[in-house]
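Data first, discussion second: the structure below is written as structure tokens.
The values are calculated or read from the model by the stated rules, or taken from the named source; none is laboratory data. Because the structure is a prediction, the values reported are computed rather than measured. As a convention, Cβ positions derive from the backbone with ideal geometry for all residues, glycine included, and neighbour counts pool all protein chains shown. Accessible surface areas use protein heavy atoms only, side chains included; no ligands, DNA or RNA. Shrake-Rupley method; radii C 1.70, N 1.55, O 1.52, S 1.80 Å.
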Amino acid sequence: MAGITDQLRATKPQPELVDKFYGVVEKLKLESPFHCFQCFKCTSGCTSFRLTEIMPHSFVNFVRLGFVEDMMRSELLWACCQCLKCKERCPQEVAPVDVIFLLRRMTVGSGAELPEDLSKIIMSVTETGFIQGLQKVKVGDTSVDRGQLGLPPIDLPDLAKFSSVLMKAMEEQME
Amino acid sequence: MKIAIFPGCVAATEQYACELATREVLRELGVEMVEVPGFSCCGWPLQNVGTVGWVYLAARNLALAAEKGAGLVTLCNVCNRMFYEARALMAASPELREKISSLLKEEGREPLDGVEILHPLELFHDRIGVEEIKRRVKRPLKGLKLAAHTGCQAIRPRQLRSIDDPEYPQKLPRLVEALGAQSPHYPEALDCCGAYLFYTRKDASLTLAGEKVEAVQNWGYDGLVTICSSGHRMLDGKQDSAATTIGKVLNLPVVYYTQLLGLALGLDPERLGLQLNRSPVKNLVGKIG
Ligand code: SF4
Ligand code: SF4
């Protein structure tokens, strides 16, 4: 991730988005990034930091300093695997993962595209109630479904109603 | 204790062995189960796009269980966390709670508090109990050394609920040992399966799964035991693609705890869905006396 001096040279803080960010933190009683003292503990134990350049402490820091829009645009937002170690271990009870997920919601709310596979499962949930249709699974040379295995059916009794209420719920915003 | 199984998307649509084995062992142990038609996704994927949508799905599922007077047992660690988190958010924000109530009313439901949300670890370890499980074992798993994978979302964050120690989870190893096997700790016990990176960074996700399996394999365990459908889908279901991703040979048997428990209780492997596991579980089942 970019260093702080690069960031300060490249852009200016975005006060309206900072207000928006803190508005949600306040409403949902999330932990405030302002309590962070940049100890680096979250990043040192971050699962995804082993494989990518994501640094949770850095997301928290840039948000604290007002660079909300820059963080919303970071591709690394999508590198978090939600292992929740940063939230568990932060000595200041800051939850970097919650900062990351709030930024995801803000960026999607502002019209940015979701990663394709994530977008697919979200579509499927709104249309069928599940992330994917019922799969047939392989056993030797044949494949079987829930019924053949003796499992009870999984169905949403009134799918049209379910979808319409869910769509309405998704239009309601807290962010 | 009346229990409804909340499968979640992964067990409901693909990881059928998870639900099969859970149903078989609960029946054998005399746990009363009720069916709750209409369960959907817990809401997790929608957490990426907004708050109201996913909390509504979580609250709707909880309301369905409450209407039947049942407690829930979650087959996926993530669903378990989402239910607790939805509740915490509704308690923190009256505005959110109000929105959720009026959405539920459109479906003719009320947000009902107080539904018991049980993780399988709580059900087996705390309710049924390690001693009772030991007493019921018919085929002890003598001589097997099995690694336990509890999974991230079951144990963190501790502020939300306390299922097991977030840094040194011991309930799953103890449950495995109750069946007569050994389950010593290993340095990678807390390593993540990568499940929720799968939709945003596939390679990184498969690398996490592959490295986890590789570590357990290198320590010389006979197999890996899971308790979460999402984790199992990565470590068992995608073990082949994970091996390709990291360029290693992986052939570690991965079983659900409920499958292992069923075997120890003397149940038929087919009824436990062992034919559905993708990893070489025959190597493991063959070692049981
Ligand atoms: S662990 Fe907490 S206090 Fe330390 S850098 Fe991370 S967010 Fe800040
Ligand atoms: S939850 Fe995300 S940011 Fe936090 S430690 Fe895990 S991978 Fe890193």
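Remarks
- Helix A:15-27 and the long axis of chain A differ in direction by around 60°, with both axes built from C-alpha atoms.
- Exposure of B:His185 as accessible area (Å², to 10), given a probe of 1.4 Å and all protein chains: 100
- Too-long pairs where the Cα-Cα distance tops 24 Å, listed order kept, from B:Lys212/B:Lys238; A:Lys12/A:Lys41; A:Lys27/B:Lys68; A:Lys29/B:Lys68: A:Lys12/A:Lys41; A:Lys27/B:Lys68; A:Lys29/B:Lys68
- Taking one quarter of the surface of the convex hull spanned by the alpha-carbon atoms of the stretch B:139-285 gives a direction-averaged projected area of 8.5 nm².
- Protein-only accessible surface order, largest first, of B:Thr200, A:Thr142, B:Thr13 at 1.4 Å: A:Thr142, B:Thr200, B:Thr13
- Multiplying the residue separation of B:Val137 and B:Asp113 by 0.36 nm and removing their Cα-Cα distance gives an extension gain of 5.0 nm.
- Close amide-amide hydrogen proximity is noted between B:Cys76 and B:Ser229, each under 5 Å apart and 5 or more residues distant or on a separate chain (H modeled in the peptide plane; Pro and chain starts excluded).
- 0 to 90° range, to nearest 10: angle between helix A:96-109 axis and chain A longest Cα axis: 70
- Listed by chain and number, the lysines placed with their C-alpha closer than 16 angstrom to that of A:Lys168 are B:Lys99, B:Lys105; residues fewer than eight positions away on the same chain are left out.
- Coupling constants for the stretch B:156-172 follow from the phi torsions by the Karplus curve (6.51 cos²θ - 1.76 cosθ + 1.60, θ = phi - 60°), and in residue order they are 10, x, 5, 5, 7, 5, 10, 8, 7, 4, x, 10, 8, x, 10, 5, 5 Hz; glycine and proline get x.
- Surface exposure of the stretch A:11-109, expressed per residue as accessible area with a 1.4 Å probe, stands at 40 Å².
- Couplings 3J(HN,Hα) of the stretch B:114-120, computed from phi: x, 5, 7, 10, 10, 8, x Hz, in residue order, whole Hz [Karplus 6.51 cos²θ - 1.76 cosθ + 1.60, θ = phi - 60°; x for Gly and Pro].
- Whole-angstrom gap from the stretch B:168-245 to the stretch A:110-132, using each part's C-alpha centre: 27
- Cα long-axis angle, helix B:77-92 against chain B (0 to 90 degrees, to the nearest 10): 30
- Of all accessible heavy-atom area on the protein assembly as shown, the percent that carbon and sulfur account for (1.4 Å): 51
- Residue order for A:Met106, A:Met123 - accessible surface, 1.4 angstrom probe, largest first: A:Met123, A:Met106
- Here B:Lys142 sits with roughly 150 square angstrom of accessible surface, probe radius 1.4 Å.
- Interchain or long-range residues, amide H under 5 Å from B:Met33's placed H: B:Ile3
- Accessible solvent surface per residue of the stretch B:2-118, calculated while the other protein chains remain in place, 1.4 angstrom probe, Å²: 26
- B:Val249 sits with roughly 120 Å² accessible to a 1.4 Å probe, with DNA, RNA and ligands left out of the calculation.
- By accessible area with a 1.4 Å probe, ligands and nucleic acids excluded, highest first: order of B:Leu160, B:Leu75: B:Leu160, B:Leu75
- Working note: 222 nm ellipticity from helices only, DSSP H runs with n ≥ 4, each -39,500 (n - 2.57), summed and divided by the residues of the protein assembly as shown, gives -12500 deg cm²/dmol to the nearest 500.
- Label-point separation in nm, B:Thr244 to A:His35, each point 7 Å along Cα→Cβ: 4.6
- Computed from backbone phi, the HN-Hα couplings of the stretch A:152-168 come to x, x, 10, 8, 9, x, 10, 4, 5, 5, 3, 4, 5, 5, 5, 4, 5 Hz, rounded to whole numbers (Karplus: 6.51 cos²θ - 1.76 cosθ + 1.60, θ = phi - 60°; Gly and Pro given as x).
- Residues whose amide H lies under 5 Å from that of A:Val139, counting only those 5 or more places away or on a different chain, are A:Val144; hydrogens are built 1.01 Å from N in the peptide plane.
- Once A binds B, the 1.4 Å probe can no longer reach about 6000 Å² of accessible area, counting both sides.
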